[in-house]
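The values are calculated or read from the model by the stated rules, or taken from the named source; none is laboratory data. All values reported here derive from a predicted model rather than from experimental measurement. Note that we place each Cβ from the backbone using ideal geometry, even for glycine, and neighbour counts take in every protein chain shown.
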Amino acid sequence: MALALLVTSLGACGDLEKAADKKEVACKSSGAIAALKRHVLQAAMTSDSRAGIVGDLGNILRYQAENGPEDFRSSFQSALVELQQVSRSVDPTTELVALNVSDVVERGPSETGESLCWARVQADLPATAVMPVADMSQLLAGSYSWDPGSLAESVSIELFYTVQGGSRPSVIESDLASADAMPVGKLGYLVQVAPVFLRPFEAMRKAEDARERELAAAKSRVIELTLSEARLAYAQSDAALNAAWRDLAESQRKSLAPQQRQWLRSRDARCDLLGKEYSGDATESEIVKLQCMAQANVARTSALGG
C-alpha cells in the first residue's frame, strides 16, 4: 500500500512539473526576452549565412598570399587558415551581436497554456566590432569594388512566437524564417571574421606608413641641405658681385648706378616669381629663388668685368 502511494505521489509530481513547464509567462518578462534572444541567435547561427562571405574573403586572402608583397604573404596565408577555422565554428553567443527586443505585444495564452507573443528584434554590432567591420567594408569597397551595403551593421526582424514557461522559459515555436535569420548570422560572422581579415592588411598599411615617414624624413634632410647650399651660393655670388662693383672706377659706378638699381629690382622680381611658380612649398620656393639670384649675380658679375 505504501509503495502504491509513493508511485502515485511521484506521478503526481511529474504532472505538476509538466504543468509548471507550460505555465504562462509574460512576453515582456526578462525570462521570455532572454528566451527570444536565444531563439533568434540559434536560428541565425545555424542558417547558411556565411558561405558567400567565406568564399569571397577567402579568395582575396588566397590571392594576396600568392601574389601580394612577398614580406606579407605568410601573414595572408595565416589569416586564410584562421578564416577557414572561423567559418567552421558555430557560436550563437550574445557577444557576437547586440540584440535589443522592443514593441513586445502580449497576444494571450495558447490552448495549452503557453504565451503567444509578437516582438521586434534589432540586431546590431557590439561596440567593439563597429570599427573593424567599418574598416573592412571601406577596404572592400575601395580596393575590391564591394557594395558597402552588403556589410550592413544592423538588422531588424519582426516575428510571432510562443514562449513556454518554467525555470528557464523557451521559445517553442515561431515564424522566424531562415531568410530572416540569415542576416543576423551574417552580422555575427562579420564580428568574428573582420579582425582576422584585416590583420595582414593592417600590418601592410603600417609598414607602408613607416616607409612614407622615412621617405618624408629623407626628403626633409635633402631639402634642408639644398637650402643651405643655395644660401651659401647666393652669399658667395653676392660678395663677388659687390667686389666687382667696388673695383669699378668711380665714374663707371656713377654712370652705371641707375642701370644697376634697375637690374637689382628686375632680378629680385623675376627670381621671386620663378620660385613661387615652381613650388607651393615655401622652402622649395626659397631654394629656387636663391638659385635664380645666384645665377643672375654670376652673370652680372661677368658683365661688370669681375
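In this structure, is R246 at pLDDT 95 or above and over 30 Å from D56 (Cβ atoms)?
no
Would it be correct to say that A129 is assigned to a helix (DSSP H, G or I), modelled with pLDDT under 90 and either in contact with a helix residue (DSSP H, G or I) (Cβ under 9 Å, 6 or more places away or on another chain) or not acidic (D, E) (or both)?
Here the answer is yes, as A129 does meet what is asked.
Considering only residues that are free of Cβ contacts under 8 Å to residues at least 40 places away in the same chain and crowded, with 20+ Cβ neighbours inside 10 Å, which ones fall in the range 53-84?
Hit for the range 53-84 is L80, nothing else.
Being closer than 13 Å to L227 by Cα and either modelled with pLDDT under 90 or within 44 Å of the chain's Cα centre (by Cα) (or both) is the filter here, so list the residues in the range 276-297 that pass it.
Residues satisfying the conditions are D281, A282, T283, E284, S285, E286, I287, V288, K289.
Can you tell me which residues in the range 186-245 are within 30 Å of D124 (Cα to Cα) and charged (D, E, K, R)?
Answer for the range 186-245, where residues must be within 30 Å of D124 (Cα to Cα) and charged (D, E, K, R): K186, R199, E202, R205, K206.
Report, by residue number, each residue of the range 225-275 that is part of a loop (DSSP other than H, G, I, E, B) and under 14 Å from A303 (Cβ atoms).
L248
Could you run through the range 101-131 and say how many residues are acidic (D, E) and under 14 Å from V155 (Cβ atoms)?
Summing the residues that are acidic (D, E) and under 14 Å from V155 (Cβ atoms) in the range 101-131 gives 1.
Give the residue, chosen from R50, R38, that is assigned by TED's automatic domain parsing to the domain that holds Q84, surrounded by 10 or more Cβ atoms within 10 Å (Cβ to Cβ), among the basic types (K, R) and modelled with pLDDT under 75.
R50
Consider V7 carefully, then state whether it is of a type outside the set (G, A, S), at pLDDT below 90 and either in contact with a helix residue (DSSP H, G or I) (Cβ under 6 Å, 6 or more places away or on another chain) or buried (at least 19 other Cβ atoms within 10 Å of the Cβ) (or both).
No, not satisfied.
Out of everything in the range 95-120 that is in a strand (DSSP E or B) and under 27 Å from the mean Cα position of the chain (by Cα), what residue ends up being surrounded by the fewest Cβ atoms within 10 Å (Cβ to Cβ)?
N100
Over 25 Å from E286 (Cβ atoms) and in contact with a helix residue (DSSP H, G or I) (Cβ under 9 Å, 6 or more places away or on another chain), is that true of L256?
Yes, satisfied.
One residue is enough: does the range 289-306 have a residue meeting the conditions touching a residue at least 40 places away in the same chain (Cβ under 8 Å) and at positive phi?
Yes: the range 289-306 contains one or more residues that are touching a residue at least 40 places away in the same chain (Cβ under 8 Å) and at positive phi.
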